[in-house]
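The values are calculated or read from the model by the stated rules, or taken from the named source; none is laboratory data. Since the structure is predicted, the reported quantities are computational estimates derived from the model, not experimental observations. As a convention, Cβ positions derive from the backbone with ideal geometry for all residues, glycine included, and neighbour counts pool all protein chains shown.
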Amino acid sequence: MRIGELAGRTGVSVRALRYYEEQGLLEPERSPSGQRLYSESAVERVTFFQDMYAAGLSSRRIVELLPCIDTGLTDEAQRRMLRAERDRIGGTVDRLRTALRRLDDVIAIAEARAAAR
């Protein structure tokens, strides 16, 4: 598929896809005329990148993850890095859950007061 189709299917801009390529995250093939051509698996890969960016990982960190994803093989340093990222993300999730509960409490109080009027 061409870059525009990949962008449309993933919701990512063409500019972002080119950035992924510059960072070594995505490697399209090239047509004889030089156009970027992506395999079907690029959709999942780009979605993964977006998830990792949303979780706060940098392009550099994502590049470090790619061998683990592509081969399933890791060394101890990579496993430490993966566990550290998971722990960091887990902490963020816990803080977000706490914030969500607090917002629910505020909403419940506000609705109860509004109903009592």
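Descriptive notes on the structure:
- Contact map, segment 99-112: first residue touching a residue at least 40 places away in the same chain (Cβ under 8 Å), second residue aliphatic (A, V, I, L, M) and assigned to a helix (DSSP H, G or I), Cβ cut-off under 6 Å, separation 6 or more or different chains; the map is empty.
- Residues located in segment 41-70, provided they are modelled with pLDDT under 90 and β-branched (V, I, T): I69
- Residue pairs meeting the criteria (Cβ under 7 Å; at least 6 apart or on separate chains; first free of Cβ contacts under 8 Å to residues at least 60 places away in the same chain and assigned to a loop (DSSP other than H, G, I, E, B), in segment 18-41; second surrounded by 11 or more Cβ atoms within 10 Å (Cβ to Cβ) and of a type in the set (G, A, S)): Q23/S59; L25/S59; L26/A42
- Pairs, first under 18 Å from R60 (Cβ atoms) and in a helix (DSSP H, G or I) in segment 72-89, second modelled with pLDDT under 95 and among the hydrophobic types (A, V, I, L, M, F, W, C), C-beta under 6 Å, six or more apart: Q78/C68; I89/A55
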